[in-house]
Amino acid sequence: MSDAIPPVTLADRPVGTPRLVIPALATFYAAAEPLGYLLLRVGLGAILLTHGAPKLLGTAHGVMADPYAKTAELVRAKLALPLPFVFADLVTGLETIGAACLTLGLFTRLVAPMIAVEMALICIVFWPTWVWLDRGMEYAFLMGLVALYMALRGGGRYSVDRLIGREL
């Protein structure tokens, strides 16, 4: 299968799609979209990894001396879930192994919805604060929406999922 991108014509435009002011850009947009999605997927994975690595390595993260213990404490105090350290282990695994998988585009449709659920729970933890300077939830909210989009879209053209030819 060739990855060459055929020229885009007006006939290729789905019904109801607005016309481009500069139609000559259609080919550029068609070629750039898979790269933009790759950057979005890698960016989300990298951001998650910067949160997971300190939990895994037992190092400080920002003002948190022990982000793993803080995660367990938030699970216990704010979500009132049993076995907070089991949940902290799950979060750590998702933010390290899951982040690496997302970055590579491996098991994207499995990992991305798990990340979306984690971000929804983070929004509950920080509710009703919205402004991130006050430990708000908008950062997690946006990451959750991006992860949900990735769950629906899959790994994309530049992913291990595509290389192996399998997705969920």
Do you know which residues across the stretch 34-68 are exposed (fewer than 15 other Cβ atoms within 10 Å of the Cβ), at pLDDT 95 or above and more than 17 Å from ILE97 (Cβ to Cβ)?
LEU35, GLY36, LEU39, GLY43
For the stretch 69-84, what are the residues that are within 21 Å of CYS123 (Cβ to Cβ), without any contact (Cβ under 8 Å) to a residue 40 or more places away in the chain, over 20 Å from the mean Cα position of the chain (by Cα) and surrounded by 15 or more Cβ atoms within 10 Å (Cβ to Cβ)?
LYS70, ALA72, VAL75, ARG76, PRO84
For the stretch 98-112, give me the residue count where each residue is more than 12 Å from LEU163 (Cβ to Cβ) and either open to solvent by 20 Å² or more (accessible area, probe 1.4 Å) or of a type outside the set (Val, Ile, Thr) (or both).
10
Here are ALA140, ALA116: which of them is open to solvent by less than 50 Å² (accessible area, probe 1.4 Å), closer than 25 Å to ALA80 by Cα and touching a Cys at 6+ places or on another chain (Cβ under 7 Å)?
ALA140
Can you pull out every residue in the stretch 158-168 that is open to solvent by 70 Å² or more (accessible area, probe 1.4 Å) and in contact (Cβ under 8 Å) with a residue 40 or more places away in the chain?
TYR158, ARG162, GLU167, LEU168
For the structure I just gave you, tell me whether VAL86 is within 25 Å of VAL160 (Cβ to Cβ) and at pLDDT 95 or above.
no
Give the number of residues within the stretch 19-55 that are farther than 30 Å from THR92 by Cβ and in a helix (DSSP H, G or I).
11
Filter result (in a helix (DSSP H, G or I) and more than 16 Å from the chain's Cα centre (by Cα)) within the stretch 105-159:
ILE124, VAL125, PHE126, TRP132, LEU133, ASP134
Somewhere in the stretch 78-91, is a residue among the basic types (Lys, Arg) and within 19 Å of LEU44 (Cα to Cα)?
no
Identify, please: which residue in the stretch 34-66 is without any contact (Cβ under 8 Å) to a residue 40 or more places away in the chain and hydrophobic (A, V, I, L, M, F, W, C) and is, among those, farthest from TYR149 (Cα to Cα)?
ALA65
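The values are calculated or read from the model by the stated rules, or taken from the named source; none is laboratory data. Computed from a predicted model, the values in this text were never measured in an experiment. Don't worry about glycine lacking a Cβ; one is built from the backbone with ideal geometry, like all the others, and counts go over all protein chains shown. Heavy atoms of the whole protein, side chains included, go into the accessibility calculation; ligands, DNA and RNA do not. Shrake-Rupley method; radii C 1.70, N 1.55, O 1.52, S 1.80 Å.
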